[in-house]
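First the structure, in the form of structure tokens, and then the observations on it.
Every read-out reported here was derived from the displayed coordinates using simple, explicitly stated rules and does not represent laboratory data. Computed from a prediction, not measured in an experiment: that's the story for all the values here. Virtual Cβ from ideal backbone geometry, glycine too; neighbours counted across all protein chains shown.
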Amino acid sequence: MFLLNNIQHSYGEQTVLNLPQWQGAQGAHCLVLGPSGSGKTTLLHIMAGLLTPQQGNVIIAEQDLRQLKKTALDRFRGQFIGIVFQRQHLVNALTVFNNLVLAQYLANVPQDKKRVAAMLAQLNLTAQQQAYPPTLSQGQAQRVAIARAVINQPKMILADEPTASLDDVHCLQVLELLENKAKECNATLVIATHDARVKQRFSEQLSLEITYT
Ligand code: ADP
Ligand code: MG
């Protein structure tokens, strides 16, 4: 579950978020909608504890993120939150396989190479497991990013514009993958998007607007 209370965030003079309350039950699938510049990425970074809002509280899986110091917050994020960034942020110097091992290492969970291999097989990436990210197609890279986000069975999956650069077939695949993975670990799924193809699939929606001029 998540609960956002009175979130306000500004960059300098510019207030980009002003959100009285938003919550989602454990296992809910939710969308954050809004035009480019409306604060979707900012909100996801706040929910991931990557950015601390100037005001308000973020509670994820019953943990108030403000109460965690940096190291504890990093560990909490690694264990409980899976993030698919707008840009994939794979480590180009590591193979696909080792990008997933790294996610286990960073979350301080035991390395489980069987799990990594099984996850890659499930996402149809076995042939790419020794490949380096720059050699992957867009669709493959996005699947690796999703594999990395879900390898530690998070309680919450945050995906930022996960379908933006994909054609219709891959768009549908990525959405189904996110939904199925979320179901498998009963994770709460939050997708930020302005992709019209995504909108009709989700009933729980938060619309952000551009609040500054
Ligand atoms: P979206 O993801 O909906 O496009 P963002 O959260 O990326 O929106 O950005 C919202 C607004 O905040 C934009 O005007 C953007 O330029 C500004 N912004 C985002 N990140 C920063 C930053 N690190 N420093 C200053 N302004 C920022
Ligand atoms: Mg964005």
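Shown is the FRET efficiency for residue 112 and residue 70, computed with R0 = 25 Å from the Cβ-Cβ distance and rounded to the nearest 0.05: 0.45.
Per-peptide packing, taken as the mean over residues of other Cβ atoms within 10 Å, places 101-113, 62-74 in the sequence 101-113, 62-74 from highest down. Averaging over all projection directions, the Cα-based convex hull of region 91-213 occupies 9.1 nm² in the image plane. Placing R0 at 22 angstrom, the Cβ-Cβ distance between residue 184 and residue 25 gives a FRET efficiency of 0.80 after rounding to 0.05. Taking the Cα centre of the chain as reference, the dipole from Cβ charges on Lys and Arg (+1) and Asp and Glu (-1) amounts to some 620 debye. When each of the peptides 8-14, 142-148 is scored by the mean number of other C-beta atoms lying within 10 Å of its residues, the order from highest to lowest reads 142-148, 8-14.
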